[in-house]
Amino acid sequence: MQRKLGDARDPEGAGAKKRAPEGGGDKYRTFFENAADFFYIHDFEGNLIETNLASKMNTSYSDEEIARMNIKDIMPEAYRALFDEYMKHVKTEGRGEGVISVLTKDGREKVLEYRNIVVRDEEGRPLHVQGSGRDITESVRAHHALKRSEERYRSILEGIEESYFEVDLAGNLTFFNQSLTRDLKFSEDQVRGMNYRQFMDEENAKKVFEVFHRVFATGEPAKGFDWVLKDRDGSDHHVEASVSLQKDSKGNPAGFKGIVRDVTPRVEARKERDRYEMRLAQAQKLEAIGTLAGGIAHDFNNMLSAIIGYTELARDGLPEGAYARKNLDQVLRAGMRARDLVARILSYSRTFEAKREAVDAGLIVEEAVNLLRASIPTSIGMSCTVVTEGLLVHADPTEIHQIVMNLCTNAYQAMEGSAGRLKISLEPALLNDGGVLGTGAQLVPGAHLKLTVSDTGRGMDEEIMKHIFDPFFTTKRRDKGTGLGLATVQRIVTELKGGILVESALGRGTTFTIYLPAAEEAGKPVNRA
């Protein structure tokens, strides 16, 4: 189909629309009609001279209708005003290319990608514009759909609290949401390209690698496995993750993607629950011991009194140096040890009431240490440092004495048979924030007394340290301890609203640090309830 143009020597004159451009021939017609793209020739006013547009793109226009049309007739209104300016540009530059929208006969919009050149005569005067184009409507629609899908995908990912990540097969991060950058405390630019190993220690990195390898080998996702991430500040985040394999367009493995949920609060809550359960179990044990003590103490004491009394009578009736008298002395010593044991068990009974008042803890500590010096082997060095100013505690003096005696006895027994060093210190301590100690004791802010007993003995492993406050738990020989010493210390400290911190390692000794709330006034009872 052709539109006749005027003489080529007057391309912009009145005859420009009356004669078709010369050249071409039948040998090009087949190519013109069968090419995948559409071709066109138009003058500088936009009048179509020749085109295969109708057969190459569904515009609903017939060949005859298009042959009588101007390009601007099928342009949306917004583009028409720009056409004349565009023609000036094409004349000057000799070519032009771009993307434009056209309207079909029934109002549908099509997107065309075009390339134009200016055809000139032998003298270089512009004759007309010829060009080619391609309908990219579906590609544009697909691109827009993909963009909308990506935006919706990104919106969903940014709206969830969990962290989402994608890594390549080497473990380098390629895509992630803001939750991940927020949890790791890195910027988006910093995280992109980083390897997952940079956010964890070697043990957790090995664990994650094993999971990734299993997912890669089986193609099956891994769900609900946990590891520990480290953020930019070095803080640990306990996370729970699900990971699956990513594949490329050909179905080959390309990387991994997953959801990571920060479960640190849940882990901490579980630890706190375990601490409370441990304290509850400990309290139940002590209550059971108290009930037992209250039930048998009086009967046992009556029997012991009879045993001790009749033994003394029998011994006194024998001459000095008699063999039987020596045997009865052993019976008396055993009876006295049994009486001391019953007294210690009785301290767990609810019927026991301490007479507590503000007392000078320093004097009591020094007195207990002086008593201990005579019984501690000379191979063990012993030092005591007491800051005497203002060390008042609301307690029964016997309670402080028991704490020092039990801790020091345990300390020197841990060093028995070898040289060692036992250090005792008492000093004021101001707790600004309070806090929870290793035994689960909740301390309140304010003035406290800090009693420290340390030794250079055998030390303890973690398993033993879990049970040191259990009644009757002991690692000593039967004749060396009953397992009530540390249980007694913990009971007293707890009743005085204090706390105990234990630090120990095998071969490195043990340190007990006890915090007790200080009393406000010397000599006057202080109500701490």
*Do any helices (runs of 4 or more DSSP H) lying entirely in segment 168-244 carry at least 2 residues that are at negative phi and surrounded by fewer than 13 Cβ atoms within 10 Å (Cβ to Cβ), and which ones are they?*
188-191, 202-218
*State which residue is modelled with the highest pLDDT when the search covers only segment 29-44 and only residues that are charged (D, E, K, R) and surrounded by fewer than 18 Cβ atoms within 10 Å (Cβ to Cβ).*
Asp37
*Six or more apart or on different chains, Cβ under 8 Å: which pairs go from a residue in segment 407-418 that's within 10 Å of Ile380 (Cα to Cα) to one that's among the aliphatic types (A, V, I, L, M) and assigned to a helix (DSSP H, G or I)? Could you list them?*
Tyr412/Leu372
*Scanning for something under 50 Å from the mean Cα position of the chain (by Cα) and surrounded by 15 or more Cβ atoms within 10 Å (Cβ to Cβ), does segment 139-160 turn up at least one residue?*
yes
*Matching residues, segment 388-420, being of a type in the set (A, V, I, L, M) and closer than 25 Å to Ala518 by Cβ*: Leu391, Leu392, Val393, Ala395, Ile400, Ile403, Val404, Met405, Leu407, Ala411
_Residue list for segment 247-267, filter: within 17 Å of Gly219 (Cβ to Cβ), of a type outside the set (Gly, Ala, Ser) and surrounded by 17 or more Cβ atoms within 10 Å (Cβ to Cβ)_ = Phe256, Lys257
*Quick one: what pairs do we get from segment 315-326, first residue without any contact (Cβ under 8 Å) to a residue 12 or more places away in the chain, second exposed (fewer than 10 other Cβ atoms within 10 Å of the Cβ), C-beta under 8 Å, 6+ apart or different chains?*
Arg325/Pro319
*For residues that are β-branched (Val, Ile, Thr) and touching a helix residue (DSSP H, G or I) at 6+ places or on another chain (Cβ under 8 Å), scanning just segment 367-393, find the one that is surrounded by the fewest Cβ atoms within 10 Å (Cβ to Cβ).*
Thr388
*Output the residue which, of all residues in segment 245-263 that are modelled with pLDDT of 85 or more and not in a strand (DSSP E or B), is nearest to Leu173 (Cα to Cα).*
Asp248
_Residues of segment 394-430 satisfying the condition of being aliphatic (A, V, I, L, M), surrounded by 21 or more Cβ atoms within 10 Å (Cβ to Cβ) and in a helix (DSSP H, G or I)_ = Ile400, Ile403, Val404, Leu407, Ala411, Ala414
*Given the structure, is Ala283 within 22 Å of Thr488 (Cβ to Cβ), outside any helix (DSSP H, G or I) and at pLDDT below 75?*
no
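Condition check ((1) assigned to a loop (DSSP other than H, G, I, E, B); (2) within 33 Å of the chain's Cα centre (by Cα); (3) more than 30 Å from Ala447 (Cα to Cα); (4) at pLDDT below 90) across all residues:
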| site | (1), (2), (3), (4) |
| --- | --- |
| Thr474 | yes, no, yes, yes |
| Gln490 | no, no, no, yes |
| Ile500 | no, yes, no, no |
| Leu506 | yes, yes, yes, yes |
| Leu516 | no, no, no, no |
| Glu520 | yes, no, no, yes |
| Pro525 | yes, no, no, yes |
| Arg528 | yes, no, no, yes |
_Let me spell it out: the conditions are (1) under 18 Å from Thr137 (Cβ atoms); (2) more than 58 Å from the chain's Cα centre (by Cα), and Val102 meets all of them except one. Which number is the exception?_
(2)
_Would you confirm, using the coordinates I've provided, whether Leu184 is within 17 Å of Ser163 (Cβ to Cβ) and over 10 Å from the mean Cα position of the chain (by Cα)?_
no
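The values are calculated or read from the model by the stated rules, or taken from the named source; none is laboratory data. Fair warning: this is a prediction, and the values are worked out from it, not measured in the lab. Cβ: placed from backbone, ideal geometry, glycine included. Neighbour counts: every protein chain shown.
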